[in-house]
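The structure under discussion is supplied below as structure tokens; questions concerning it will follow.
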Amino acid sequence: MSNASPSHSKWRLDWPTSSGRRVAHARLKRSPEDFCVYEDLKLDGMVTGLSAGQVPGEGEHLLVHIEKTGDNTEYVARELAKLSGCRHLDVGFSGLKDRHAITRQWFSLYRPGQQANDSDVLALISQQWKVVEACRYHRKLRRGDHQCNHFVITLRDMDGVKSDIEQALASLRERGAPNYFGPQRFGIDGGNLDRAAVMDPSALDQRRRGKGRGRGKRSGGRDSKNVLYFSAARSWIFNEVLARRVEEGSWLEPLSGETGLPDQPGVVTGPLWGDGGSGASGEQAQLEQAVAEQAPELLKVFSTTRMQPERRALSTIPAELSWKWFSNDSLELRFNLLPGQYATTILNDIFEIEDMSLGHHNKQQG
């Protein structure tokens, strides 16, 4: 899953697969049409549609469902702020989507008392992107608001035995894949981890307690970067624990001390580290502490943040997984994933993926 050669980074960025091997090599994103993501957003009381310029629903926020190609989420959010006349901070979305893809995604625009002009704003937006539907809603979109993402992915120039690929996909549909965080979270050559290792943990603690706010864009940008580096450290420790469990063959079976998830008590989990450790006990806590202690420079990041430990499932099963062969070397996959799960990470459990959007000879495993 590394987006660079391992020799360029001190951090492991390519983790073991569930079977110990990948059954085929394939190219991804030879064109944006090869990677399609459709966001499924269903909020309580949400009424969608778009008829004769009339926007249904009520509330201070205009929700817009757009289709985009070649634009990342943050760029679109900034442009929507300009087109709608609101601040960038008043634009909400529920998840980041790939740039080198065709994606359908919801955004919320804070426009209180301006319902009469919604059709004009939608007309401006439609000059840059296709507007699928729109509605009014009572609050801003937050990260993770969407129900799931629908993926339609085409792998090309497949180099592998068809029967092995079919068997691996059947296993993926039945038992799932290791739920690693994707390599994009760690930056190029693990650069976000390098920065996490030298950051001042107290900066995050001050931010959480409300200190340092209102000091301008420079302070806000620094806070944002600190959160990014903190998240990278947390995610990397999780991946390392999961890798150990995969290597030991225990990633699908609970250990003594397993804490589970509040709404899914039977799910086998790993740590999202916090101040005070992993939140586990017994055999599980011992294993997780032993793995985390191999990166003491990252553990210190959690020493003063007052961030509570959380848990994340070690495995993920793509819902409604199906596949279709276009030819012996071209395969279409369709499946759904919950927020926080990575399509390329799941594919990486079976295929050695060459991401063509990264440039010639630049491989990304995940």
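Rule-based calculations on the coordinates, nothing more; no lab input. Because the structure is a prediction, the values reported are computed rather than measured. Every residue, glycine among them, receives a Cβ derived from its backbone with ideal geometry; neighbour counts consider all protein chains shown.
Run through the DSSP bridge list for the chain and note the antiparallel percent, rounded to the nearest 5.
Percentage antiparallel, nearest 5: 85.
If you don't mind, another one. Taking all pairs of different Cα atoms in segment 61-145, averaging 1/r and flipping that mean, what Kirkwood radius in angstroms comes out?
Result for segment 61-145, one decimal place: 12.6 Å.
What are the extents of the Cα atoms of segment 268-319 along their three principal axes, in Å, largest first?
Its Cα atoms span 38, 22, 18 Å along the three principal axes.
Same structure, new question: Just want to confirm a number: the relative contact order over segment 283-366, from Cα pairs under 8 angstrom separated by 6+ residues, in percent.
Numbers: 55 pairs, mean separation 12.6, N = 84.
Once divided by the residue count of segment 283-366, the mean separation gives 15 percent.
Beyond a 29 Å Cα-Cα separation, which of these cross-linked pairs lie in this structure: Lys68/Lys300; Lys140/Lys225; Lys130/Lys225; Lys42/Lys162; Lys42/Lys68; Lys82/Lys130?
Among Lys68/Lys300; Lys140/Lys225; Lys130/Lys225; Lys42/Lys162; Lys42/Lys68; Lys82/Lys130, the Cα-Cα distance tops 29 Å for Lys68/Lys300; Lys130/Lys225; Lys42/Lys162.
Then there's this: Show that you can apply the helix-only estimate: for the chain, add -39,500 (n - 2.57) for every DSSP H stretch of four or more residues, divide by all residues, and state [θ] at 222 nm to the nearest 500.
Taken over the chain, the calculation gives -8500 deg cm²/dmol.
Send over the semi-axes of segment 23-182's equivalent ellipsoid, whole angstrom and largest first, taken as the square roots of 5 times the C-alpha gyration tensor eigenvalues.
Those come to 36, 16, 13 Å.
Scan (i) 58, 53, 46; (ii) 61, 58, 41; (iii) 61, 42, 34 for the value of Cα extents along the principal axes in Å calculated from this model and give just the label.
The listed entry that was calculated here is (ii).
Quick one: divide the alpha-carbon radius of gyration of segment 234-366 by 2.2 N^0.38 Å and tell me what you get.
1.24
Let me ask something else. State to the nearest 20 debye the size of the charge dipole of segment 233-288 about its Cα centre, where the only charges are +1 on K and R beta carbons and -1 on D and E beta carbons.
In total the dipole reaches around 120 debye.
So, one more: Relative contact order, percent, of segment 1-125 when contacts are C-alpha pairs under 8 Å separated by at least 6 residues?
28
Going through the DSSP H helices of the chain, which span 24 Å or more along their own axis at the Cα atoms while scoring at least -1.0 as a mean Kyte-Doolittle hydropathy?
Values: long enough: 217-248 (47 Å, -0.68).
Membrane-span-like by this criterion, though nothing is claimed about a membrane: 217-248.
Taking N as the number of residues in segment 240-301, what is its alpha-carbon radius of gyration divided by 2.2 N^0.38 Å?
1.08
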